[in-house]
Each structure stands twice: as C-alpha cells, then as structure tokens.
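Asker: First the structure, which I've put down as structure tokens, then a few questions once you've had a look.
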Amino acid sequence: MQFNSTLPIYSVSEQISVDVSPQKLWKLISTPENLNLCHPYCKKNTVQKWGGLGAKDTLEYYNGLTLHREFIEWKEGQGYTLIIGKKDVATARVTWQINALSEETAELSIGIELLPDVALRRYVPWLRGLIRRFYFIPKMQHYIHTVVKGFKYYAEHEEPVTKNQFGYNAMFSVK
C-alpha cells in the first residue's frame with residue numbers, strides 16, 4: 001500500500017490520560033485484534049500478520065466499510081505508525097504513541113495524517129473542498145476522540161467497548 005505524500009495532507013489528533021502503567025497500555029495497543037475490545041466503531045478486526053514492522057490487519061466498521069492497515073514503524077513499548085486504506089492506496093497515516101506520565105499513568109496519543117483527496121476522489125474537486133471542510137475533517141476529529149476514549153475505557157475497566165459507546169459517527173457506523 002502506498003501513502004502519496006505529494007497530495008494535500010490534513011491532520012487530526014487526540015491524546016488522553018489513562019490510569020494504567022505505560023507497560024500495560026503498550027501491551028493493550030500491541031495486542032493482536034485489540035480493536036475488537038476497544039474501538040467503538042469496529043465490527044471486526046482481523047490479523048493477517050502480527051508483531052512488529054510489517055504487521056497487517058483488516059478493520060471492518062459497523063457500516064460495512066473495510067480498510068486494511070499496514071504497520072510501517074514499530075517502537076517496542078512506545079508506539080507505532082501505520083498506513084490505512086483500501087487495496088493499494090492509503091487514505092491516511094496513523095501514529096500511536098505512549099508517553100509515561102508516572103509509573104501508573106500514561107498518555108495515549110493518536111495522530112492521523114489524512115489524504116482527503118484520496119478518500120473523496122469520486123467527487124469533483126470543488127465539492128471535495130466543501131465536503132472536506134464541513135463534514136470529513138470534523139467527523140474524523142470526532143472519530144479519533146472516541147477511539148482514544150475507547151482505549152481508555154477498556155484499559156481502566158477491562159470491559160469491551162460497545163457499538164457507538166461514545167457517540168454515533170456516520171462515516172463509520174450505523175445506529
């Protein structure tokens with residue numbers, strides 16, 4: 001899968017303090033198929049290859065959208081970077097990072113570099129701009145906010161996150 005960095009890139013990010021040790025948070029985010037437990041819009045997360053650089057999995061959302069993830073950087077105990085998209089074309093590059101706040105508290109930050117022109121390519125350019133500004137970017141910011149909340153919830157309560165637990169998002173789910 002290729003990430004075309006010559007296209008315009010838009011970024012969204014979120015970070016959250018989690019009341020678990022950095023080691024426990026790393027174990028959670030590096031566990032295969034962790035999205036099945038922590039992601040409020042994940043219908044099914046399936047691993048093709050796991051563990052370190054070159055890991056691959058598939059994420060099927062509740063609305064039927066299926067995206068493939070390829071891990072392009074893996075820093076043991078600290079985080080990773082992946083590209084996500086359909087088939088051979090990435091729509092985003094995502095960086096997950098853990099920062100230790102204390103021995104028993106960690107910060108999870110997720111940053112997404114979006115390629116809206118890839119995701120919205122079926123629309124004419126002038127319409128893409130409107131969709132990007134008033135729908136796509138705000139929905140992606142909401143999305144990343146709910147994803148970090150899902151990981152916090154599971155890490156602290158050890159209970160799976162439910163569908164739309166932190167709010168509905170039409171780009172990834174159904175009511």
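Asker: Name the residue that is surrounded by the most Cβ atoms within 10 Å (Cβ to Cβ), counting only residues in region 154-175 that are touching a strand residue (DSSP E or B) at 6+ places or on another chain (Cβ under 7 Å) and either at pLDDT below 95 or assigned to a helix (DSSP H, G or I) (or both).
Answerer: Ala155
Asker: Still on this structure: Consider region 97-121. How many of its residues are of a type in the set (Asp, Glu), over 15 Å from Ile144 (Cα atoms) and modelled with pLDDT of 95 or more?
Answerer: Looking only at that region, the number is 2.
Asker: Which condition from (1) free of Cβ contacts under 8 Å to residues at least 24 places away in the same chain; (2) assigned to a helix (DSSP H, G or I); (3) within 20 Å of Glu14 (Cα to Cα) is the one that Thr81 breaks?
Answerer: All conditions are met except number (2).
Asker: Exactly one of these conditions fails for Phe151: (1) within 21 Å of Trp50 (Cα to Cα); (2) outside any helix (DSSP H, G or I). Give me its number.
Answerer: All conditions are met except number (2).
Asker: Also, I was wondering about something else. Only residues that are of a type in the set (Ser, Thr, Tyr), touching a residue at least 40 places away in the same chain (Cβ under 8 Å) and under 22 Å from Phe172 (Cβ atoms): list them for region 17-68, please.
Answerer: Tyr41, Tyr61, Tyr62
Asker: Do we find that Thr6 is surrounded by fewer than 19 Cβ atoms within 10 Å (Cβ to Cβ), of a type in the set (Ser, Thr, Tyr), touching a strand residue (DSSP E or B) at 6+ places or on another chain (Cβ under 9 Å) and farther than 30 Å from Ser102 by Cα in this structure?
Answerer: no
The values are calculated or read from the model by the stated rules, or taken from the named source; none is laboratory data. Model, not experiment: these values are computed from the prediction. Here Cβ is always computed from backbone atoms with ideal geometry, including for glycine, and neighbour counts include all displayed protein chains.
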